[in-house]
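Since every read-out is calculated from the coordinates, none of them should be taken as a lab result. A quick note: this is a predicted structure, and the numbers were derived from the prediction, not measured. Backbone-built Cβ (ideal geometry, glycine too); neighbour counts: all protein chains shown.
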Amino acid sequence: MVTPKLLSSFTILKPLPEAVLSQLAQHSSLRKFARRGVVLKAGEKEDHICFLFEGRLQGVDFTIDGREVGLYFVEPGEFCGELGLFDHGPQPEYVIALTTAVVVCVPMTNLREIMLTAPSVVNGLGLKLAARVRQMTFQRSLLALPNIAQRVCCQLWMLVPDKDKNAQAGTKISNPPTHMEIAIMLNVSRETVTRVFQTLQNRQIVKRDGSASLLLKDPQSLKSLAEGKEEL
């Protein structure tokens, strides 16, 4: 059951009045997805936006020859499927669950009504769309890098929290993507990503800390590799 309290846990909805959240909760639904479950389907006019409560999602597309291409990740507290709010068009890409996921589905019709009276929601949606366009533009530029190791390092550097990008000492990436998830983002094989990781570990730049985090022991070396100032 979706409650006003649950909806208010999402940053973009938190400023809404209790009465608005209560009404929105009545029309929203909670859905669970198994790993690899399809959350949003490309080419279909979805009637809801998905707010991720638990798990991790990924936006993916497919090339003409059927290869899967990773576009972006969706982390808990974030949302996806918002493009249809503005143009009433079909969902442009698939969104799949990378882990078991719990998603709050909020009807677009209700959100459109709220947008007319809640500038903070419109601003939040606009910021997210702008960030998504910037991220996907950069993601496309990565594919043009001839040096595969640099591609992988760039992808890792994108995952470093902004507040830690100037850190001289170690930091970490929480819930890092798997080698396969990185591979489909960069159009390379999983084995290639694994070889790059092994080299980074041998050079004491990164270290696995179970499946929950990736320790960056030397963030500035990773940055130099990502920028092409050093070679792996």
CD proxy, 222 nm, the chain: helix-only mean residue ellipticity via -39,500 (n - 2.57) per DSSP H run with n ≥ 4, per residue, nearest 500, stands at -11500 deg cm²/dmol
Among I96, I114, I64, which one moves the most in a GNM of the chain with springs linking Cα atoms closer than 10 Å? I64
Suppose the Debye formula is applied to equal point scatterers at every Cα of the range 4-142; what is log10 I(q)/I(0) at q = 0.18, 0.21, 0.22 Å⁻¹? -1.06, -1.42, -1.54
Only one of the values (1) 0.93; (2) 1.00; (3) 0.96 was calculated from this structure for Rg/Rh (Cα atoms, Kirkwood Rh); name its label. (2)
Could you give the Stokes-Einstein D for the range 111-232 in µm² per second, using the C-alpha Kirkwood radius, 20 °C, 1.002 mPa s? 136
Considering Cα pairs under 8 angstrom that are at least six residues apart, work out the relative contact order of the chain and quote it in whole percent. 18
Of the options G81, C153, V121, report the single residue whose Cα projects farthest towards the positive end of the charge dipole of the chain (beta-carbon charges: Lys, Arg +1; Asp, Glu -1). C153
Would you work out if the range 95-155 is rounded, prolate or oblate? Take a ≥ b ≥ c from the square roots of the eigenvalues of the alpha-carbon gyration tensor; rounded if a/c is under 1.5, else prolate when a/b is larger than b/c, oblate otherwise. oblate
Scan the chain and hand back the longest stretch that contains none of the GluC sites (Glu not before Pro) lying in DSSP loops with at most 16 other Cβ atoms within 10 Å. 45-226
Could you work out the relative contact order of the range 4-142, using alpha carbon pairs under 8 angstrom and six or more residues apart, expressed as a whole percent? 31
For the range 1-36, which trypsin sites (Lys or Arg not before Pro) pass both filters: DSSP loop (anything but H, G, I, E, B) and at most 16 other C-beta atoms within 10 Å? R35, R36
Exceeding 26 Å between C-alpha atoms, which entries from my cross-link table qualify? They are K32/K172; K5/K41; K14/K163. K32/K172; K5/K41
